[in-house]
Amino acid sequence: MKVIIAGGGIGGLVAALSLHAAGIDCEVHEATPEVRPLGIGINLQPHSVRELIELGLGAQLAEIGVATQEFVYANRFGQMIWREPRGLAAGYHWPQYSIHRGRLQVMLWEAVTQRLGAERVQAGRRLIGFEQDALGVTARFLDGGQARGDVLVAADGIHSAVRQQFFPTEGLPKWNGALLWRAVSVAPPFLTGASMVQAGHRDRKFVCYPIGKTGDGRSIINWIAEQRFPTDVPWSREDWNRRGQVSDFLPLFQGWNFGWLDVPALIRGTEAVYEFPMVDRDPLPWWTQGRVTLMGDAAHPMYPIGSNGASQAILDARILARELATQPGWAAGLASYEAQRRPATAAVVQANRGDGPDRVMDVVHERAPEGFAKLEDVVQPGELEAIIMGYKRTAGMDPATLNSRGSWSVTRG
Ligand SMILES: Cc1cc2nc3c(=O)[nH]c(=O)nc-3n(C[C@H](O)[C@H](O)[C@H](O)COP(=O)(O)OP(=O)(O)OC[C@H]3O[C@@H](n4cnc5c(N)ncnc54)[C@H](O)[C@@H]3O)c2cc1C
């Protein structure tokens with residue numbers, strides 16, 4: 001069997017590594033002419049880190065990522081609402097990593113090049129369409145080239161060309177009114193030095209976590225400032241590199257110096273800000289047509305809430321490879337992949353529309369918008385934990401289930 005993968009992002013590259021490990025021939029075609037470490041930080045949750053470690057990438061991950069120690073929710077005054085250990089400290093058998101998305105992509109690209117050979121991963125190959133027949137599928141690229149295989153996997157992101165061919169009337173991604181300004185600043189470490197913090201509420205949030213260290217012991221801190229606007233404010237197509245202006249949003253966070261975290265100082269400390277509208281798409285009624293299927297953001301773009309988009313793409317890749325390797329033929333493999341992953345990811349998309357685990361901040365803000373003397377006066381015992389554990393179960397990252405389930409790795413056939 002030969003699999004053509006369109007898109008060399010996180011999902012497409014992990015799919016290539018997983019298919020190769022399972023003994024299935026595959027090749028990756030990536031639209032951008034050169035893969036460079038663009039983008040800012042993301043968090044990889046233990047369920048996806050497990051998969052990367054099982055692919056033999058544990059040492060590389062540990063080198064480029066920061067093992068997240070704890071997670072903190074706070075209100076807009078910096079009063080802590082929730083504080084929990086993360087990764088190994090939370091009892092998972094695998095760490096959580098805060099990591100530069102571009103460095104992760106380059107690391108995966110290099111692993112694919114090394115393991116599959118440079119000819120199996122090509123840049124500058126934008127998929128523009130495909131045709132399939134009884135014997136195979138032909139992918140067509142903008143450069144005039146073609147690739148033929150038994151299966152075509154569309155890992156080509158939120159503006160997927162294949163999804164557009166499947167659902168031509170779907171239109172643009174849906175915006176929920178929030179704008180995100182993402183950036184990196186160098187600053188002294190805060191809390192444990194490996195903490196992830198989210199402060200505020202649904203309409204105005206600040207998120208930050210370290211993704212590295214400088215030689216003089218300071219942290220390289222990834223942060224996201226977020227503000228919700230009426231949805232009739234015009235917005236532009238999102239990408240990873242639209243520049244924003246600090247002056248557009250710094251005033252919104254002016255009073256947010258918590259003592260343990262100085263938000264305005266972090267914002268002022270950046271050299272470049274990138275702006276995104278918070279968008280997703282509706283869950284689809286199907287992903288697979290004949291020999292062609294969707295995965296990752298092409299299949300289920302979700303709001304960046306709960307830090308799960310890239311992790312879910314990695315889980316897709318692993319299940320896709322396992323099912324193609326173990327089911328009797330590609331058709332059964334694709335059907336089984338979709339049956340497992342489409343409902344699972346639709347649930348995460350929907351949970352994120354309801355603010356996911358961040359709902360704990362909304363609950364406290366609704367009841368105590370000016371802060372609280374004692375948190376117990378505002379929330380019932382167990383109320384916040386129920387929201388957070390419920391999201392972990394939905395996303396497939398509840399520690400007990402993850403630690404006890406068997407491996408998804410397939411031995412080379
Ligand atoms: C603000 C923000 C914060 C986020 N934070 C997190 C987080 O903390 N944790 C997390 O897990 N996720 C996070 N995400 C989401 C995460 O980045 C995505 O879910 C993830 O990158 C999806 O991987 P993918 O491979 O499916 O798509 P992408 O990473 O988008 O990769 C798609 C690839 O396909 C290529 N391509 C596009 N069109 C074509 C074509 N026609 N032919 C060939 N190639 C093509 C693109 O160049 C790209 O390389 C965040 C997203 C945003 C916007």
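Beta-bridge orientation, the chain: approximately 75 percent antiparallel, per DSSP, counting only bridges with both partners inside. Each helix, a run of at least 4 DSSP H residues, gives -39500 (n - 2.57); summed and divided by the residues of the chain, these come to -9500 deg cm²/dmol at 222 nm.
Approximating the spin labels as points 7 Å out from Cα along Cα→Cβ, the Ala347-to-Arg148 distance works out to 4.2 nm.
Looking only at His201, His93, His29, which one moves most when the chain is put into a Gaussian network model with springs between Cα atoms under 10 Å? Fluctuation is largest for His93.
Please compute the net charge surrounding Thr138, taking Lys and Arg as +1 and Asp and Glu as -1 over other residues with Cβ under 9 Å from its Cβ. Summing Lys and Arg as +1 and Asp and Glu as -1 gives 0. Largest first, the extents of the alpha carbon coordinates of the range 1-56 on the three principal axes equal 35, 30, 13 Å.
Measuring spread by the Cα atoms of the chain yields a radius of gyration and Dmax of 21.2, 69 Å.
Taking 29 Å as the straight-line reach from the Cα of Lys374, the lysines in range (excluding those fewer than 8 positions away in the same chain) are Lys205, Lys392. Legend: ranking of residues Ser185, Ser219 from fewest to most surrounding C-beta atoms inside 10 Å; resulting order Ser185, Ser219. Quick one: net charge of Asp377's neighbours, Cβ under 15 Å, K/R +1, D/E -1? Net local charge, Asp377 excluded: -2. Once the Cα atoms are used to define both axes, helix 309-326 deviates from the longest principal axis of the chain by about 30 degrees. Determine the sum of side-chain charges near Arg268: Lys and Arg each +1, Asp and Glu each -1, restricted to other residues whose C-beta is under 14 angstrom from that of Arg268. In short, -3.
Relative to one another, the C-alpha centroids of the range 2-62 and the range 302-367 are positioned 17 Å apart. In the range 300-393, one over the average inverse separation of all distinct C-alpha pairs is 15.5 Å, which is the Kirkwood hydrodynamic radius. Its relative contact order, with pairs defined as Cα atoms under 8 Å and 6+ residues apart, puts the chain at 21 percent. For the range 364-413, the fraction of C-alpha pairs more than 16 angstrom apart is 61%.
For a distance above 18 Å, tell me the whole-number percent of Cα pairs in the range 175-280 that qualify. Considering the range 175-280, 47 percent of its Cα-Cα pairs are separated by more than 18 Å.
Computed from the coordinates by the stated procedures, all read-outs in this text should not be read as laboratory data. What you see is a predicted model; the values in this text were computed from it and never measured. As a convention, Cβ positions derive from the backbone with ideal geometry for all residues, glycine included, and neighbour counts pool all protein chains shown.
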